[in-house]
1. Can you compute the modelled spin-label distance between Ala715 and Lys49, with each label point 7 Å from Cα toward Cβ, in nm?
2. In segment 715-759, which residues have a backbone nitrogen under 12 Å from the label point lying 7 Å from Ser671's Cα in the Cα-to-Cβ direction?
3. If I model segment 139-265 as equal point scatterers sitting on the Cα atoms and use the Debye formula, what is log10 I(q)/I(0) at q = 0.14, 0.17, 0.19, 0.22 Å⁻¹?
4. Just how far, in whole angstrom, is segment 158-213 from segment 650-721 if you go by their alpha carbon centroids?
5. Simple spin-label model, 7 Å along Cα-to-Cβ: Thr486 to Asn706 in nm?
6. Provide the convex hull volume over Cα atoms per residue for segment 216-299, in Å³.
7. How high is the relative contact order of segment 459-550, given as a whole-number percent (alpha carbon pairs under 8 Å, six or more residues apart)?
8. How large is ³J(HN,Hα), in whole Hz, for each residue of segment 45-60 in order, when computed from phi with the Karplus curve 6.51 cos²θ - 1.76 cosθ + 1.60 and θ = phi - 60°, using x for Gly and Pro?
Amino acid sequence: MKTKFLSLLIATLVISTLHAQPGNYFLSHYAPDDERINYVTFGMVQDAKGVVYFANKSGVLEFDGRNWGLISTNGPIFTIATSGQEVFAGGFHGFGKLVIGADNVKGYQALSQGQPEATRIFSSLSLKGKVYFANGSAVYVLSAATGKIESIIKAKPKEEFNGLIEITGNAYVKSEDMIYKIEGDKLISPSFPWPDALSIDFTATSASNISLLCGSGGRLFLASATGLKEINLADKDFLFRNVPVAAAWLSDELIAIGTLRGGVIFINPATGTTQEITNFYTGLPDNEVFAMMADRNQGLWVAHDYGFTRITPFLPFRSYSHYPGLEGKLLCAKTFQGQTYVGTTLGLFTLVRQDEYEEVFDQSTSSKGHESKSKKSLFSFLRRSKPTAPPLPTKSTKRVLKAIGYAYKKVGGIDGKVTQLIESNNQLLASGTFGVASLNGMKSSPITLVPVRSMYMSKALGQLLASTLDDNIKVFAFNTKGWKETNLLDTLDDYVSYIFEDKLQNIWLCGRTNAIKIETVDGEITAVEEVPFSNPTIDESVGLAYGSEVYMATGGSFHRYDIKDNVFKKYDSLPGPKKYFASAGYFWFFDGHRWRTVDARMQAALKLEWLGLFSNIRYIAPAESENLWVITANNELYKFSGKQASQNQNGYPLFLREVRGQQSKFAPTRSIKISQLESTVAFEFIQPDYLGMKAVEYRYLVKGLNSDWSTWASANNIVNFSYLPTGSYKVDVQTRDLMGKISAADEITLEVEPPYWRQSWFYLLEVIFFASLVFLSIRLSAGNTKYRLISQLLSMLTVIMIIQLVQAAVNAQVSIKTSPVIDFFIQVGIALLVLPFENYLRKFINRGSVATVTS
């Protein structure tokens, strides 16, 4: 009985271990290319449009998902805060805000003029329409609407402020020994019953107004309207040893604590259990965290020495490629009996549970009464030394969790590329350059040692087909003694890249210039024939059976089997695939916008739109229920969860970011006027997106110039005009996200004005000037006969200039896109039309001259 119970217990533990393979959180890495920018960052915020700003040693960094910008300031920036779309920053030389200057370029405006003591600002807070800045000696309270200083709260003599914190929606300032609540222009004692000898280093407040307080020794507390409660941490020693420096709420069930030397630990605040540790071993470039911020889509931004990383715990992807032990380029993956197997260029690997621990000194023997002095401020190097760990005890040691995770172990007996994994007869089969083998846990049994290109378990024959690298087809049958070769298709010697079956029990072998059709009846082969492609190529082909039809993809296009002519003909009803492959009995292709499969029901059930996050995928295969294995060109392995994909992402607004001319910038407003001389103009629209560079596609329509929308493309966020005729235009821009949701920006009105010499006021000045010349001409010819020649020349010049004026006025009103030859004939026609006016003008001048002489 005890033996059975022990066996049952072991089996239960094994099963729970096998199924408890959650994968690592999805990471996205960002870094500006500008070499002027230093990655040392002290804080991050996100404005109402979704743009992220960084308090940086070089100034204020701006990032909208595509564009990086560096906004120069009057010194290093140590803290940053937002109120709506307003961004405030404080640093070495005071505090200020970001504004659009007279040159329509975003810049920094100082707000601390007249306050000589407002230097070395290291902490800020934005609450209830107020913005607070603090240095060691004072707290400056500003109106977020006006940017003006409303009050200044100074520290007591011999007291020094350590920073601003938010607790349950109220502003507090802390000193070395005290925490004060800010009420108007005064400091009052807080109502919370702080534990004895507790020093609060930093806080984070959730959307439900619950504040997380990080205290000395890695202790965490939850502060709410009902009081203060300590979180019973499962891995408190991890926090104590790695020195917490920042915190952020991602949801009511998940908080993140950034550390000085251990990366980021994610904790459930209700239970205190550790959900994940993201560090160097799981894809984070550096374990030293500078600053953290949670954005509006539950993404965690982490600043470190190599740039910035966005961690997304709630994205429907989990990474499986950063566990230790995995070697080589990834080729395939499969879940079998709860176990994860990954085939690479160097063999086959399986994932097993393996937590990492380290031996550390036991803090309980020497840390009693100790207060952690770590992270008193984000720029503690200005006033103190860099955050340090608590002093080491001297008596005992204990094991402390270093990383929660798994490790890959290599399956014995398989050396070489593993290109395919299939399940058959309750066995997992692997094939590649090593041959074909069946797997049993960590061991393998060879079926054949001949290198294999592709394999397929035929339902019609009940046997395993394998195409070899030397262009043969080997067939194996399974019985109680194992796998045995049957030599069923030994006569075939052709290149075969893929094998599949249709609904009529026909087996198809995909070649380069043709396919081989094997007809079967009741498990017996009745006929073998070649079916050519209508446009053969040297590309590898893959195929599938969908309903009663058989399709083949080769040479970058789809082909459908024509049973009447016994040939594969090009099929135009499906979009030509830019990328395609078949795996695990399914066919996948990229149509230029998103990944798709032929079966529309599977397309909808699996929510394949999410795969648009990756520009280049090399492998897709179903995992367990509503999951997919995905391998990217960057050698990353992800498991995609269709169930978790139902969670919607909060979209950011689409807005006009910038309007650029040849040599100047224009204010990004809804109505823009430019001169025709500046008609080379570019409108840049942006919808912040931090999932992937090509996750959002743009299209535009310029009313007055064309009547059709542009194609959807990720690069169409910039609308360029090299030349525009004078007139009024309307610019419309739309975006489409991964899920197909369309957003539109406010319509932009563009007025292209003619140059000054083609405007009506200038024409009026010309007419007045010409009339004066005519009058002067008449007076000169009447006064003295010796001015007669000058009068005639001046009259002739006046007539010519008036004709040019008429021609310019007509051309300004009539704008026709023609060739130079047609333009010449149009000008001749205009000259003929004004010829009667010219004759009348000459007669008028002559009559005027004669009348003046007679008088």
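1. 2.4 nm
2. Residues 749-751 qualify, since their backbone N sits under 12 Å from the label point.
3. -0.67, -0.95, -1.12, -1.35
4. So the two Cα centres are separated by 45 Å.
5. Reported label-point gap for Thr486 and Asn706 is 5.9 nm.
6. Values: hull volume 8.5 nm³, N = 84.
Hull volume normalised by residue count: 101 Å³.
7. Numbers: 179 pairs, mean separation 20.8, N = 92.
Relative contact order comes out at 23 percent.
8. In residue order, the calculated couplings are 9, 10, 8, 5, 7, x, 6, 9, 10, 10, 7, 10, 4, 8, x, 10 Hz.
The values are calculated or read from the model by the stated rules, or taken from the named source; none is laboratory data. Computed from a predicted structure; not experimentally measured. Cβ: placed from backbone, ideal geometry, glycine included. Neighbour counts: every protein chain shown. Just so you know, the surface numbers come from the protein's heavy atoms only, side chains and all, with ligands and any DNA or RNA stripped out. Shrake-Rupley method; radii C 1.70, N 1.55, O 1.52, S 1.80 Å.
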